[in-house]
Amino acid sequence: MAPFKALELEYPIIDSNFQTFCASHGILSVEDFLIHDLYELAAFAKQQPTSEKLEQGITQILSIIDEQHQPWVNGMELLDDTLHRKHVVPTGCEGVDLLLGGGLHEGQLTELVGPSSSGKTQVCLLAASYLASKHMGTVVYLDTGNSFSTQRIAEFVGRFSNHMFSQAGHRNFQKVMNNILCHSVFDIFTMFNVLHQLEFNMKSQLQKGGQVRLLIVDSISSLITPILGNIGSQGRALMTSAGYLLKKLAHEHNIVVLVTNHTVGGERGIPKPALGQIWKTVAHVRLLLSADHGNDTRSISVLKHPSMASGKVARFRV
Amino acid sequence: MAAKRWIDGDETAAEMLSRVSSERPFLLLPPLHRVPLRVGNVVELAGPSSSAKTQILIQAAVNCILPREWNGVHYGGLERLVMFIDLDCRFDILRLSEMLKHKIMEPNGSMHDHEELFAACMRRFMYVRCYDSLEFLATLKTLHHRLKREKAMHNVNIQLLMIDSIGPFHWVDRGSTFFPLGSHNRKCLSLQSISETVVQEIRKLLVLHPMLVIATKEIVLGNVYGTDGAKQNKYMLEASGIRSITSSSQQLPYREFMPPIWQSLITHKILVRASDDHLLIRPDQENSLYLSEWLLPSLGYQDKFVVKDEHGMRSPPCLIIPPMPT
């Protein structure tokens, strides 16, 4: 948040007199204003000879602070936003869509949990190809383990759209592939960079091509696990910040966010999702994938969902 | 003469009681109905994840935004404003609207003609999200002016302030203890200064706008000192035959992570969790059972309650309480 010197240009009421008054109380920027007692400051201001101007300055700062937080909405506006702007995006796999009541919700963070080779990446690639081939928007795919496979995407796209081999089909295929943007990220700071850049682009609407509809991070646990040390480390702080950033992107820009997580051994040998208790509460929807040994089918069950009971299972084949 | 008037007093006790009970009524919100709550109280609703905390908040909110009477039908609500600060960013407005529709439909049978009532009620529910603690502080600082504006525009007072999941920025703030830059008397944005400011702002708001504050808190049960350590302590205490007369530090079943200044703001504490049993209310329906226990004031027994799902997926869940003190 801005130091007062920078605000002087925009708001002439915050002149040098005001700044010296505030500096005498240890307030040099808008952030400091947030952790100070405003009534006390106003009382001090009254004792000054230029009290009126100082009080006006304080009121001006308060209105700047009012813009720092998200706007208050009432129930009707929120309901309207949820019903009309947050759509349900199908994943392209009928079994999964049936289980989820239509597909993935925009504005929600969905987490896919499963042991290795249980099909998490396949589901992500499937969802990405479905969205891209139906021209619903662009997909941003953050790949942490080099598991993004263009051949598999081409296979899925071929399944969803017909006439691949004609001239028009080829151009269509090019357009579809251009809708999927893949970034390789190998540590959490790069992920923050990419996400902040994406947020900035979306806010200033510099998006090349269509609107971003789907954001996939495969897998977020491989980014967070190396930094989760003991209690004193910054790992937990970074993990919660990542969760908030993803939820913010989902809600403010109406996109589906899909992340994958692996499992670790829990009590009595039953595997549980990784990343611990703090991460447990971050996602809106949690789905558990498991593979049936010996054949191609996978089963997916609901661990947590805001509008249905947990425990429902579906089987599918990718 | 003035002295005699001073001794005579302004009103009798009966008059005062009737005035206070109409201006500041007791709120009995199930399943928190064992202890009557009044404005000015700060309730902390603690529980592990998915233990119906947000459901309790939604039920309380619906109860508050409904009017007492509309077109001759009695709803028994409070017709006041509810402000919801979502620090968890997972609130689903559809659940609130479903529950409200259900409550409106109950005495009427259908929603026809009641769109106006629904809209009026929904407008009394205000919602904001905060993505970090600076936004939270900014919201609290400007809440007073917001409330004054609402009062001037719609002439409606606030009754309930709900904070969903206090303490999630705890980890982020802990990691950001800056050293103060610049002048020597500048406060730094540490966990302590942020918590102090939050508590101060809430206290000031309670003075200016009397309201009930309910904050939920996400906890990890049973993890006080590790299960083995706790058992060992208990065993040793019993073996040595020492019974402490005053249990001044109440043995909480979870580890408290909020700073002491927050704990001094709290006037009531309740713990909810999901139990492993399922209660069969009707033969075809199995509902999960939740347990609630008042910790402050400590009542010593547990209540059971269920969240009822009417039929199918998009149904309005509502709380019913079979009061069975165990």
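The values are calculated or read from the model by the stated rules, or taken from the named source; none is laboratory data. These figures come from a predicted structure and were not determined experimentally. Virtual Cβ from ideal backbone geometry, glycine too; neighbours counted across all protein chains shown. SASA here: full protein model, heavy atoms, side chains in, ligands and nucleic acids out. Shrake-Rupley method; radii C 1.70, N 1.55, O 1.52, S 1.80 Å.
Quick notes
- Close amide H pairs (under 5 Å, H built 1.01 Å from N) link B:Leu212 with B:Gly40, B:Leu160, B:Leu161, residues at least 5 positions away or on another chain.
- When each of A:Lys203/B:Lys101; A:Lys247/A:Lys272; A:Lys86/A:Lys203; A:Lys280/B:Lys217 is checked by Cα-Cα distance, pairs over 25 Å: A:Lys203/B:Lys101
- Close amide H contacts of A:Gly107 (hydrogens built in the peptide plane, cut-off under 5 Å, sequence separation of 5 or more or a different chain): A:Ile255, A:Val256, A:Val257.
- Where A:Thr260, A:Thr121 fall by accessible area, highest first, once all protein chains stay in place (1.4 Å): A:Thr121, A:Thr260
- Surface calculation, 1.4 Å probe, protein heavy atoms: B:His170 sits at approximately 20 Å² accessible.
- Solvent-accessible surface (1.4 Å probe) assigned to A:Met177 amounts to roughly 50 Å².
- Kirkwood hydrodynamic radius (C-alpha pairs) into Stokes-Einstein, segment A:4-67, 10 °C and 1.306 mPa s, D in µm²/s: 137 µm²/s
- Cα gyration tensor shape of segment A:121-206, rounded if a/c is under 1.5, else prolate or oblate by comparing a/b with b/c: oblate
- Burial of accessible area (probe 1.4 Å, heavy atoms of protein chains only) in segment A:39-75, relative to its chain alone, reaches at least 50 Å² for A:Tyr39, A:Leu62, A:His69, A:Gln70, A:Trp72, A:Asn74, A:Gly75.
- Protein heavy-atom surface of segment A:4-67, 1.4 angstrom probe: 54% of the accessible area is carbon and sulfur, with nucleic acids and ligands not counted.
- Radius 10 Å from Cβ of A:Ala237, net charge of other residues (Lys, Arg +1; Asp, Glu -1): +1
- Mean projection area, nm², convex hull over Cα of segment A:15-151: 14.8 nm²
- Average accessible surface area per residue within segment A:85-317, 1.4 Å rolling probe, Å²: 45 Å²
- Cut-off under 5 Å, modelled amide H: who pairs with B:Leu295 long-range: B:Lys269, B:Ile270, B:Leu271
- Three semi-axes of the equivalent ellipsoid, segment A:85-317, Cα gyration tensor, whole Å, largest first: 27, 22, 16
- Accessible surface ranking that places the most exposed of B:Asp164, A:Asp37, A:Asp66 first, with a 1.4 angstrom probe: A:Asp66, A:Asp37, B:Asp164
- A:Lys53 contributes about 100 Å² of solvent-accessible surface, heavy atoms of the protein only, 1.4 Å probe.
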